[in-house]
Amino acid sequence: MISKTTATLLVSFAWLLCCTAQVTVKKGAVNLRLDGISGNEGPQVTSLLQLHLSRSGVVNLTPTGEDGVITGNASGGTLIGRLLDSNGREYVSRTYTGDWRDNANRFADLIVETLTGQKGIATTRIAFISKRTGQKELYIMDISGQRVVQLTRDNTLCGSPAIDHAGQRIAYTSYRSGFPDIYVVDLQTYRRRRIAEFPGINSGAAWAPNGLQLAATLSFEGNPEIYVLPAAGGTPQRITRAHGTDSSPTWSPDAREIIYVNDDPGSPRLMRIVLAEGKAMALRTGQPYATEPDWSPDGKRIAFNAKVAGRNHIFVMELDSGEVRQLTSGNSDFEDPSWTRNSRHLVCASNGTLLLLDAISGQSYVINNEISQCSEPSCSR
Amino acid sequence: MSSTMKFLNAPSRAVLGSLVSCVVVAALVGVSAGCRSSRPLDMGTYDATIPMATPAEEDLLLGTPLPSRGNFDPQSDVSYGEFSQHVSQRIQRSADEHTGTEVGKIYFATNSNAILPSQRPKLELVGNWMLQNPTRSILIAGHCDERGTFEYNRALGERRAIAVRNYLIGLGISGDRLHTFSYGEEKPAVLGTGEAVWAQNRRAEIGVINE
């Protein structure tokens, strides 16, 4: 016998699965009650779950919990996470071992994915740049803002970090040789390797979906153009043959196309090129100054930066319909959008602070990492 | 010399757009060869039946490949003040109010890598210096104002440095002596906001590589 609440859960789950993860998801948001997780790590785990679920856009945390109750125990590196229906019957139970933050992040993703079909983003890692020491250095952290690690202490310029989809390597640009070169940091071994040091600039690396190649801006042939090169270093293959500056590549999920920035008309705009054909076409964003494109993991949309009345704002373009929406507004700058794996939330920088944006609800959340002067976030998938 | 520059810059765009005839290709390949050796053009010496340009030949027209990095540090082994004493009255007359008279600093319009007429006398001085000091090489560092995004500015700065390099190649200087790179918006000459500040930050700085 299926209780009424369980039936509701199942119906809403099935209904969500058959809809595309867009505006409809919010209509199907589930109402959950978060009971305090018991145990010596319980309070921290509870507050981390609360943060992730309230930002998910698909979970309403309510005192009544019409659709279910979250409970469990977190002690000594073990989290037993339980999801009950409103009558107290167990719906899901899962045991996690490890750092309490990993445990909480994984349980939060399980709740979101089980109840809504939307991918959870709590386990996302973010690479970013901070100038808090007076010089730009490379950092990594959880999407919650916790576990910040400063990776470099080079006391030189750096920028343009790109974390690979698995969250295991970061490609970035550093001037530690004096020139802008591309380096890859292995996050398992904390070893760093220079993989592009051609004459001129080597910058703006973007991981191919398979993690084996990088697209980047190189200028050794006499003009800044987009190239694809092996992630371990090697011979670059030129992709663009254009006048003007080509920069900021981003891959399609099927690795067949790249969207990048070209400024040949005198102002930067977004271009789309099919790698096998080598023909580039301008994207009709309607924005005269567009940079920093990022292709969503589901392939459906592009987030980018556009200049509006002297301010940088985040825009999203739906590639099928061509619809362009402005996500941010106001008298601040918003830059460097990077999609998370659910193709709904993205992370951007605003005046030194990193923000999580919900492209559907329009909500924004400060990622409180207690690090000042942050920029250029890049999210693992 | 000015005719050489024309082929390196603006008209090459139009010509490249219609790369259909072998004759045009032959003529263009000839032009690029002419630039390198600084010889006057002689269209009549090129055979109209040579094969279509390979991609490598096209690339020569879009930009001259950069020399290998060499063994110098852009921070410690380059003197950016080298040209500061070479200020002539001609440069003072041609410089506009924002962009100063320092020979080693070439200024640009917003989002542009075009060499402004007001900046040409400085580059001619640099070119003369390089002709008189044939063993020396220079590093051209491109810079931008703060308004663009980091990565676009890094690429735009490089394009400005390359525009300066191409201009000097047009003056007869070997590209092997002309190194480029870009700081993007990371090293402004002047802090602050407003067009007067931005105009001073949109620049290419020319430094002489120490011997």
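Which one is modelled with the lowest pLDDT among residues in region B:136-164 that are buried (at least 24 other Cβ atoms within 10 Å of the Cβ) and of a type in the set (Ser, Thr, Tyr)?
B:Thr149
If I ask for residues that are assigned to a strand (DSSP E or B), away from chain B (no Cβ under 13 Å) and either of a type in the set (Lys, Arg) or within 13 Å of the chain's Cα centre (by Cα) (or both), which ones from region A:336-374 would you list?
If the condition is that a residue be assigned to a strand (DSSP E or B), away from chain B (no Cβ under 13 Å) and either of a type in the set (Lys, Arg) or within 13 Å of the chain's Cα centre (by Cα) (or both), then A:Trp339, A:His345, A:Leu346, A:Val347, A:Leu354, A:Leu355, A:Leu356, A:Leu357, A:Asp358 are the ones that fit.
When region A:242-256 is examined, which residues are found to be farther than 20 Å from A:Ala290 by Cα and not aliphatic (A, V, I, L, M)?
To start, the set of residues in region A:242-256 that are farther than 20 Å from A:Ala290 by Cα comprises A:253-256.
Within region A:242-256, A:Pro253, A:Asp254, A:Arg256 qualify.
Working carefully through the options B:Arg165, B:Arg154, find the one that is assigned to a helix (DSSP H, G or I), within 10 Å of the chain's Cα centre (by Cα) and touching a residue at least 12 places away in the same chain (Cβ under 8 Å). Spell out the reasoning first.
On the way: B:Arg154 fails: within 10 Å of the chain's Cα centre (by Cα).
Among B:Arg165, B:Arg154, only B:Arg165 is assigned to a helix (DSSP H, G or I), within 10 Å of the chain's Cα centre (by Cα) and touching a residue at least 12 places away in the same chain (Cβ under 8 Å).
Could you list all residues from region A:58-77 that are in contact with a Gly (Cβ under 9 Å, 6 or more places away or on another chain), assigned to a strand (DSSP E or B), among the aliphatic types (A, V, I, L, M) and farther than 12 Å from A:Arg94 by Cβ?
Selection gives A:Val69, A:Ala74.
When you look at A:Thr240, is it in a loop (DSSP other than H, G, I, E, B), crowded, with 18+ Cβ neighbours inside 10 Å, polar (S, T, N, Q) and more than 8 Å from chain B (Cβ to nearest Cβ), yes or no? Can you show your working first?
Values: in a loop (DSSP other than H, G, I, E, B): yes; crowded, with 18+ Cβ neighbours inside 10 Å: yes; polar (S, T, N, Q): yes; more than 8 Å from chain B (Cβ to nearest Cβ): yes.
So A:Thr240 fits the description; yes.
On the given criteria, is B:Gly170 in contact with a helix residue (DSSP H, G or I) (Cβ under 8 Å, 6 or more places away or on another chain) and within 18 Å of B:Val103 (Cβ to Cβ)?
Details: in contact with a helix residue (DSSP H, G or I) (Cβ under 8 Å, 6 or more places away or on another chain): yes; within 18 Å of B:Val103 (Cβ to Cβ): yes.
So B:Gly170 passes the test.
So in region A:222-234, with the set limited to residues that are closer than 16 Å to B:Pro65 by Cβ and in contact with a strand residue (DSSP E or B) (Cβ under 7 Å, 6 or more places away or on another chain), which one is surrounded by the most Cβ atoms within 10 Å (Cβ to Cβ)? Don't jump to the end; show me each part of the working.
First, pick out the residues of region A:222-234 that are closer than 16 Å to B:Pro65 by Cβ: A:222-225, A:227.
With the extra rule that they be in contact with a strand residue (DSSP E or B) (Cβ under 7 Å, 6 or more places away or on another chain), the set shrinks to A:224-225, A:227.
Numbers: A:Pro224: 34, A:Glu225: 27, A:Tyr227: 23.
Per the stated criteria, the residue is A:Pro224.
Would a scan of region A:88-98 turn up a residue that is out of contact with any strand residue (DSSP E or B) (no Cβ under 6 Å at 6 or more places or on another chain) and modelled with pLDDT of 95 or more?
Initial filter on region A:88-98 (out of contact with any strand residue (DSSP E or B) (no Cβ under 6 Å at 6 or more places or on another chain)): A:88-89, A:98.
Those left that are additionally modelled with pLDDT of 95 or more: A:98.
Yes; the residues of region A:88-98 include at least one that is out of contact with any strand residue (DSSP E or B) (no Cβ under 6 Å at 6 or more places or on another chain) and modelled with pLDDT of 95 or more.
So, A:Ala280, is that one modelled with pLDDT under 95, in a strand (DSSP E or B) and touching a Ser or Thr at 6+ places or on another chain (Cβ under 9 Å) or not? Write out each step before concluding.
Values: modelled with pLDDT under 95: yes; in a strand (DSSP E or B): yes; touching a Ser or Thr at 6+ places or on another chain (Cβ under 9 Å): yes.
Here the answer is yes, as A:Ala280 does meet what is asked.
Among the residues of region A:277-291, are any surrounded by fewer than 18 Cβ atoms within 10 Å (Cβ to Cβ), within 10 Å of chain B (Cβ to nearest Cβ), without any contact (Cβ under 8 Å) to a residue 24 or more places away in the chain and among the acidic types (Asp, Glu)?
no
I'm checking my understanding of the structure. Among residues of region B:172-190 that are in contact with a Lys or Arg (Cβ under 6 Å, 6 or more places away or on another chain) and closer than 14 Å to B:Ser137 by Cα, which one is farthest from the other protein chains (Cβ to nearest Cβ)?
Of the residues in region B:172-190, the ones in contact with a Lys or Arg (Cβ under 6 Å, 6 or more places away or on another chain) are B:178, B:180, B:182, B:184.
Checking the rest, the ones that are also closer than 14 Å to B:Ser137 by Cα come to B:178, B:180.
Numbers: B:Leu178: 11, B:Thr180: 6 Å.
That would be B:Leu178.
For B:Arg159, indicate whether it is more than 9 Å from chain A (Cβ to nearest Cβ) and within 21 Å of B:Thr64 (Cα to Cα).
Values: more than 9 Å from chain A (Cβ to nearest Cβ): no; within 21 Å of B:Thr64 (Cα to Cα): yes.
Criteria not met by B:Arg159.
Determine which member of the set A:Ala208, A:Ala216 is of a type in the set (A, V, I, L, M, F, W, C) and surrounded by fewer than 24 Cβ atoms within 10 Å (Cβ to Cβ).
On the way: A:Ala216 fails: surrounded by fewer than 24 Cβ atoms within 10 Å (Cβ to Cβ).
That would be A:Ala208, the only listed residue that is of a type in the set (A, V, I, L, M, F, W, C) and surrounded by fewer than 24 Cβ atoms within 10 Å (Cβ to Cβ).
Inspect region A:287-298 for any residue being of a type in the set (Ser, Thr, Tyr), within 23 Å of the chain's Cα centre (by Cα) and not in a loop (DSSP other than H, G, I, E, B) and give the result as yes or no.
Yes; the residues of region A:287-298 include at least one that is of a type in the set (Ser, Thr, Tyr), within 23 Å of the chain's Cα centre (by Cα) and not in a loop (DSSP other than H, G, I, E, B).
For region A:243-276: of the residues being of a type in the set (A, V, I, L, M, F, W, C) and surrounded by 19 or more Cβ atoms within 10 Å (Cβ to Cβ), which is nearest to the other protein chains (Cβ to nearest Cβ)? Before you say what the answer is, go through the steps one by one.
Going residue by residue through region A:243-276, those that are of a type in the set (A, V, I, L, M, F, W, C) are A:251, A:255, A:258-259, A:261, A:270-271, A:273-276.
Of the ones still in play, those that are also surrounded by 19 or more Cβ atoms within 10 Å (Cβ to Cβ) are A:251, A:258-259, A:261, A:270-271, A:273.
Values: A:Trp251: 15, A:Ile258: 14, A:Ile259: 14, A:Val261: 6, A:Leu270: 11, A:Met271: 13, A:Ile273: 16 Å.
Restricting to residues being of a type in the set (A, V, I, L, M, F, W, C) and surrounded by 19 or more Cβ atoms within 10 Å (Cβ to Cβ), the top hit is A:Val261.
Kindly provide the set of residues from region A:91-136 that are of a type in the set (Gly, Ala, Ser) and in contact (Cβ under 8 Å) with a residue 40 or more places away in the chain, ordered by number. Lay out the reasoning, then the answer.
Initially, region A:91-136 is screened for residues of a type in the set (Gly, Ala, Ser), giving A:93, A:98, A:104, A:108, A:117, A:120, A:122, A:127, A:130, A:134.
Residues satisfying the conditions are A:Ala104, A:Ala108, A:Gly117, A:Gly120, A:Ala122, A:Ala127, A:Ser130.
Quick check on my filter: what residues within region A:143-177 are at positive phi, in contact with a helix residue (DSSP H, G or I) (Cβ under 8 Å, 6 or more places away or on another chain) and surrounded by fewer than 19 Cβ atoms within 10 Å (Cβ to Cβ)?
Matches in region A:143-177: A:Arg147 only.
Every residue in region A:178-197 that is more than 8 Å from every other protein chain (Cβ to nearest Cβ) and crowded, with 16+ Cβ neighbours inside 10 Å, please. Step through it out loud before you land on a result.
Kept after step one, since they are more than 8 Å from every other protein chain (Cβ to nearest Cβ), are these residues of region A:178-197: A:181-196.
Across region A:178-197, the qualifying residues are A:Asp181, A:Ile182, A:Tyr183, A:Val184, A:Val185, A:Leu187, A:Arg192, A:Ile195, A:Ala196.
Can we say A:Asp333 is assigned to a loop (DSSP other than H, G, I, E, B), within 11 Å of chain B (Cβ to nearest Cβ) and in contact (Cβ under 8 Å) with a residue 12 or more places away in the chain? Before the answer, list the steps.
Details: assigned to a loop (DSSP other than H, G, I, E, B): yes; within 11 Å of chain B (Cβ to nearest Cβ): yes; in contact (Cβ under 8 Å) with a residue 12 or more places away in the chain: yes.
In short, yes.
To keep it simple, each residue is scored yes or no on (1) modelled with pLDDT of 95 or more; (2) within 19 Å of A:Ser361 (Cβ to Cβ); (3) not charged (D, E, K, R).
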residue: A:Gln287; (1), (2), (3): yes, no, yes
residue: A:Pro293; (1), (2), (3): yes, no, yes
residue: A:Ser296; (1), (2), (3): yes, yes, yes
residue: A:Asn305; (1), (2), (3): yes, no, yes
residue: A:Gly310; (1), (2), (3): no, no, yes
residue: A:His313; (1), (2), (3): yes, yes, yes
residue: A:Val316; (1), (2), (3): yes, yes, yes
residue: A:Ser321; (1), (2), (3): yes, no, yes
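Can you pull out the residues in region A:95-118 that are assigned to a loop (DSSP other than H, G, I, E, B) and under 17 Å from the mean Cα position of the chain (by Cα)? Quick ask: steps written out before the conclusion?
The initial filter retains those residues of region A:95-118 that are assigned to a loop (DSSP other than H, G, I, E, B), namely A:98-99, A:117-118.
Across region A:95-118, the qualifying residue is only A:Gln118.
Which of the following residues is modelled with pLDDT under 90 and small (Gly, Ala, Ser): A:Ala104, A:Ala74, A:Ala14, A:Ala108?
Working: A:Ala104 fails: modelled with pLDDT under 90; A:Ala74 fails: modelled with pLDDT under 90; A:Ala108 fails: modelled with pLDDT under 90.
Every option except A:Ala14 fails the conditions.
Are any residues in region A:198-235 more than 7 Å from chain B (Cβ to nearest Cβ), in a loop (DSSP other than H, G, I, E, B) and in contact with a Pro (Cβ under 9 Å, 6 or more places away or on another chain), and if so, which ones?
We begin by selecting, within region A:198-235, every residue more than 7 Å from chain B (Cβ to nearest Cβ); these are A:198, A:202, A:205-216, A:218, A:225-235.
Of the ones still in play, those that are also in a loop (DSSP other than H, G, I, E, B) are A:198, A:208-212, A:231-235.
Passing the criteria: A:Phe198, A:Pro209, A:Leu212.
Being outside any strand (DSSP E or B) and crowded, with 17+ Cβ neighbours inside 10 Å narrows it down to one of A:Ile140, A:Ile126, A:Ile121, A:Ile80, so name that one.
Values: A:Ile140 fails: outside any strand (DSSP E or B); A:Ile126 fails: outside any strand (DSSP E or B); A:Ile80 fails: outside any strand (DSSP E or B).
Only one candidate qualifies: A:Ile121.
Give the residue that is nearest to the other protein chains (Cβ to nearest Cβ), with candidates limited to residues of region B:134-156 that are of a type in the set (Gly, Ala, Ser) and closer than 28 Å to B:Val208 by Cβ. Even if it seems obvious, please write down each step before you answer.
Initially, region B:134-156 is screened for residues of a type in the set (Gly, Ala, Ser), giving B:137, B:141-142, B:148, B:155.
From the residues that got through so far, the ones that are closer than 28 Å to B:Val208 by Cβ too are B:137, B:141-142, B:155.
Values: B:Ser137: 12, B:Ala141: 10, B:Gly142: 9, B:Ala155: 4 Å.
This residue is B:Ala155.
The values are calculated or read from the model by the stated rules, or taken from the named source; none is laboratory data. Predicted model only: the values in this text are computed from it and were never measured. Methodologically, a virtual Cβ is constructed for each residue, glycine included, from the backbone with ideal geometry; neighbour enumeration extends over all protein chains shown.
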